[in-house]
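*Asks:* Questions regarding the structure given below will be posed in turn.
The values are calculated or read from the model by the stated rules, or taken from the named source; none is laboratory data. Note that the structure is a prediction, hence the values are computed from the model and not measured. Every residue, glycine as well, gets a Cβ built from its backbone with ideal geometry; the counts of neighbours run over all protein chains shown. Accessible surface areas use protein heavy atoms only, side chains included; no ligands, DNA or RNA. Shrake-Rupley method; radii C 1.70, N 1.55, O 1.52, S 1.80 Å.
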Amino acid sequence: MERAKMAEESLETAAEHERILREIESTDTACIGPTLRSVYDGEEHGRFMEKLETRIRNHDREIEKMCNFHYQGFVDSITELLKVRGEAQKLKNQVTDTNRKLQHEGKELVIAMEELKQCRLQQRNISATVDKLMLCLPVLEMYSKLRDQMKTKRHYPALKTLEHLEHTYLPQVSHYRFCKVMVDNIPKLREEIKDVSMSDLKDFLESIRKHSDKIGETAMKQAQQQRNLDNIVLQQPRIGSKRKSKKDVYTIFDAEMESTSPKSEQDSGILDVEDEEDDEEVPGAQDLVDFSPVYRCLHIYSVLGARETFENYYRKQRRKQARLVLQPPSNMHETLDGYRKYFNQIVGFFVVEDHILHTTQGLVNRAYIDELWEMALSKTIAALRTHSSYCSDPNLVLDLKNLIVLFADTLQVYGFPVNQLFDMLLEIRDQYSETLLKKWAGVFRNILDSDNYSPIPVTSEETYKKVVGQFPFQDIELEKQPFPKKFPFSEFVPKVYNQIKEFIYACLKFSEDLHLSATEVDDMIRKSTNLLLTRTLSNSLQNVIKRKNIGLTELVQIIINTTHLEKSCKYLEEFITNITNVLPETVHTTKLYGTTTFKDARHAAEEEIYTNLNQKIDQFLQLADYDWMAGELESKASDYLVDLIAFLRSTFAVFTHLPGKVAQTACMSACKHLATSLMQLLLEAEVRQLTLGALQQFNLDVRECEQFARSGPVPGFQEDTLQLAFIDLRQLLDLFIQWDWSTYLADYGQPNCKYLRVNPVTALTLLEKMKDTSRKNNMFAQFRKNERDKQKLIDTVAKQLRGLISSHHS
């Protein structure tokens, strides 16, 4: 078994070796390695070698057989080869010679070819260099452009160039050293652009702060022009013109944005418009400002990712500027220019902010603007309240009001709420009324001081119509009279009337453009006019009336004047109604108190007349020089009394134009005061004694007074009404002169008593004076019977009078 198995294995090995040998014979020598490896991998290496040697020997025998078979051909071949060798040697020599000649002849060509080779190498190098330079040149050009843009302060384009350089060009040539230097400089360039743009922004903010008043002035001029245009349109048939809307205003902004976009390369600041003519159209407020620094800086910071930093910085700086703008100068109240400059600065500030709001996205927002405006509104109103309180000139207050209205209208165009400003104007209106009242107090004082208190004389129809045109007066009888003639009132009547109308006009001027209803305007005018009448004019009249050197003629003329002014109040009512178009029947319409004012002034003048008359009477009475111890009766009244009566007659003659009751009251008051003064003169304590003769002289003076009363110095009294003023004196004097004590004592207390007006106390006082005189003058005649009887009678009457007095008191 083992032998069979070994024989089988031997056969397989032999077959494998045979295959390998065939493969070696048929395989390329370069690929024989794997075949030989299979032999070495096997275990029959020796046997394969034996087999290989056997195969070689077999091939050698075959070669030998082939050589023996072809030997003659081989010899022939050798012979031929020997011949060929000679020819080959000849050919070699020829080739060598030819080569030598060729080398000699081609040496220059070789040199040329070598040069050509070098040229081609240089050409390739140049081409490669050009290609590399073509990659580098755009980088260098962009860098040069960047430097030029930064040098010319075109920062936003420089930033765009820097971005292209960094992200597009430098990556293509990043392996060059100069590119690495550029890459390292890029952050520095960004910071430089950032710093320079911020510097431009600071310059812009400073320029805006300095020129805010110019911007505001231009904006307010525009608003004034628009308001004038609106007024013209309202006065003419309206065709289609309307007030410029906010949208129209921002048309200017849009046009400007095309020239002030971040692409614009203009410097920051205010454009020069000083050379423009005054009559040319006022440029738009935004046309004065180049906003490109703001836009450039905003875009630069946005690109650099620092937009929030920029917004915070801008808002912080503008808040600081707002506080500076809202700080009024200490002397602002002195002139209108002070207020105008203050308003111009505020308007300029908010015009700029409003433009920034509508031309940038998010740099400022509505909440920020509203916050600034609320602060500005509160500070402005507080400043105006403080400074306007110092104004004492109504013209300045009126100009200030018009300026505030223009200020409010200007800001309202830009969308800012201004209702609080108009509410504050209502407060200033009260102050304006007070300043007007102070001014008109001086006007009235001048009119009253310069008046001659005489009826106005007219000598022609022209003069008459002029006066009637100034003051509503109608008198048919006066119109019929021939020239020259006189108006009953003096010049201060038409002057005061016209000044009242001027005051109403002044009040109306303040109410213009305040957006008040006709009823509110009417109520304001009426209330202010009432203050003028009841306070200012009334005080002026009272001061004139109470003046020390005022005469009766002036007082009489004042009464006449105030009577006519009182009648003119209805025309003032109509005047106010015409200018306000509010009917007096309207609910809550305030009535004028002029009637009350002039009545009070007239009553004061009347009282002053009464007082003045009484003072004049007292002055005459001070001249009285009675001889109370006179024994004989004079045949005429005392001189002082005659002069007094003459004065009263001439005075009451002036009272012809006075209302009847006033003249009658004045006359009655004068007579009563005269009677009372004469009674006091008779009964005064200094007159301790008097005689019957002195009493009869006094009776003559009283009769003179009664004669004056009976003569009717003032028409309108009934028969003996004026004489009743002297009834007390008359009954007292009749009692003593007639010595009718029996009748007095018998009828005392009865309604129809003859001496009803004689008071027993008065009678006793006078009787005591006569009793003392009788005793003194008849000290040595007391032994005569008549004198003793008379003395007893006086004592008896005195005793009875004391009894009457005692019984009356009990």
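*Asks:* Which residue, Ser669, Leu804, Ile645, has the largest displacement toward the positive end of the dipole of the chain when charges sit on each Cβ (Lys, Arg +1; Asp, Glu -1)?
*Replies:* Sorting the options by dipole projection puts first Leu804.
*Asks:* Quick one: angle between helix 461-470 and the longest Cα principal axis of the chain, in degrees between 0 and 90, rounded to 10, please.
*Replies:* Here the helix axis deviates by roughly 60 degrees.
*Asks:* How large is the charge dipole for segment 609-759, taken about the Cα centre, if only the Cβ atoms of Lys, Arg (+1) and Asp, Glu (-1) carry charge, to the nearest 20 debye?
*Replies:* Dipole magnitude for segment 609-759 comes out near 560 debye.
*Asks:* Return the Rg/Rh ratio of segment 79-203 with Cα-based radii and a Kirkwood Rh.
*Replies:* Values: Rg = 32.5 Å, Rh = 20.2 Å.
Across segment 79-203, the Cα-based Rg/Rh ratio is 1.61.
*Asks:* Taking a 20 Å limit on the Cα-Cα distance, which of the listed pairs Lys202/Lys320; Lys194/Lys320; Lys769/Lys799; Lys672/Lys799; Lys495/Lys591; Lys194/Lys316 fall beyond it?
*Replies:* Too far apart for the 20 Å limit: Lys194/Lys320; Lys672/Lys799; Lys495/Lys591.
*Asks:* Still on this model: Quick one: Cα centre-to-centre distance for segment 666-701 and segment 703-755, in angstrom?
*Replies:* 14
*Asks:* Suppose we look only past 21 Å in the calculated P(r) of segment 610-737. What percent of the Cα-Cα pairs does that tail hold?
*Replies:* Of the Cα pairs, 38 percent sit more than 21 Å apart.
*Asks:* Please give the peptides 400-407, 121-128, 702-709, 451-458 ranked by average Cβ packing (other Cβ atoms within 10 Å per residue), highest first, as a rough proxy for protection.
*Replies:* The packing order, highest mean first, is 400-407, 702-709, 451-458, 121-128.
*Asks:* Next question, about the same structure. How far is helix 155-164 tilted off the main Cα axis of the chain, in degrees rounded to 10, range 0 to 90?
*Replies:* With both axes taken from Cα atoms, the answer is about 20 degrees.
*Asks:* Over every pair of different alpha-carbon atoms in segment 367-423, take the mean of 1/r and invert it; report that Kirkwood radius in Å.
*Replies:* Values: mean 1/r = 0.0822 Å⁻¹.
Evaluated on segment 367-423, it is 12.2 Å.
*Asks:* Might you tell me the accessible area per residue for the chain, computed with a 1.4 Å probe and given in Å²?
*Replies:* Working: 46500 Å² over 810 residues.
Ligands and nucleic acids excluded, the result is 57 Å² per residue.
*Asks:* Right, here's the next one. Starting from the Kirkwood Rh over alpha-carbon pairs, what translational D in µm² s⁻¹ does segment 158-207 have by Stokes-Einstein at 10 °C and 1.306 mPa s?
*Replies:* Approximately 131 µm²/s, per Stokes-Einstein.
*Asks:* Just order 13-23, 553-563 by mean Cβ neighbour count inside 10 Å, highest at the front, would you? It would help to have the intermediate numbers written out before the result.
*Replies:* Values: 13-23: 14.6, 553-563: 23.3.
Ranking the peptides 13-23, 553-563 by packing returns 553-563, 13-23.
*Asks:* Where the only charges are on Cβ atoms (+1 Lys, Arg; -1 Asp, Glu), what is the dipole of the chain about its Cα centre, to the nearest 20 debye?
*Replies:* Its charge dipole is roughly 2320 debye.
*Asks:* Using packing as a proxy for protection, rank 537-547, 573-583 so that the peptide with the highest average count of other Cβ atoms within 10 Å comes first. Mind showing how you got there, number by number?
*Replies:* Values: 537-547: 19.3, 573-583: 15.9.
So the peptides 537-547, 573-583, ranked by packing, come out 537-547, 573-583.
*Asks:* How long is the gain from Gln317 to Ala653 if the chain were fully straight, where each residue apart is worth 0.36 nm and the alpha carbon distance is subtracted?
*Replies:* Values: separation 336, 0.36 × 336 = 120.96 nm, distance 8.39 nm.
Between Gln317 and Ala653, full extension yields an extra 112.6 nm.
*Asks:* What is the distance in Å between the Cα centres of segment 399-427 and segment 144-185?
*Replies:* Answer, in whole Å: 53.
*Asks:* Follow-up question, since we're still on this one. What number comes out for the charge environment of Leu733, summing +1 per Lys or Arg and -1 per Asp or Glu over other residues with Cβ under 14 Å away?
*Replies:* Values: positive: Arg703, Arg730, Lys754, Arg757, Lys769; negative: Asp701, Glu704, Glu706, Asp728, Asp734, Asp740.
Here the count lands on -1.
*Asks:* How much length is gained on full extension from Asn68 to Lys83, taking 0.36 nm per residue of separation minus their Cα-Cα distance?
*Replies:* 3.0 nm
*Asks:* With a cut-off of 8 Å between alpha carbons and a minimum separation of six or more residues, what is the relative contact order of the chain in percent?
*Replies:* Working: 686 pairs, mean separation 55.3, N = 810.
The normalised contact order for the chain reaches 7 percent.
*Asks:* Moving on. Helix 660-683 sits at what angle to the longest principal axis of the chain, using alpha carbons and giving 0 to 90 degrees rounded to 10?
*Replies:* Around 60 degrees separate the two axes.
*Asks:* Sticking with this structure for a sec: Give me the net charge for the shell around Cys136: Cβ to Cβ below 15 angstrom, other residues only, Lys and Arg +1, Asp and Glu -1.
*Replies:* +2
*Asks:* May I pose another question? Ignoring ligands, DNA and RNA, please state the percent of accessible area on the chain from carbon and sulfur, probe 1.4 Å.
*Replies:* 52
*Asks:* Taking the Cβ of Asn612 as the centre, find all other residues whose Cβ is under 14 Å away and add up their charges (Lys, Arg: +1; Asp, Glu: -1).
*Replies:* -1
*Asks:* Shifting gears a bit: Give, to the nearest whole percent, the P(r) tail of segment 283-406 beyond 24 angstrom, counting all Cα pairs.
*Replies:* 39
*Asks:* Residue separation times 0.36 nm, minus the C-alpha to C-alpha distance between Met629 and Lys480: what's the value?
*Replies:* Details: separation 149, 0.36 × 149 = 53.64 nm, distance 6.12 nm.
Here the segment from Met629 to Lys480 would lengthen by 47.5 nm.
*Asks:* Sticking with this one: Rounded, prolate or oblate: which fits the chain when a ≥ b ≥ c are the square roots of the eigenvalues of the alpha-carbon gyration tensor, with rounded for a/c under 1.5 and prolate only if a/b beats b/c?
*Replies:* prolate
*Asks:* Rounded to the nearest 500, what is the 222 nm mean residue ellipticity of the chain from helices alone, with -39500 (n - 2.57) per DSSP H run of 4+ residues and division by all residues?
*Replies:* Helix contribution divided over all residues of the chain: -25000 deg cm²/dmol.
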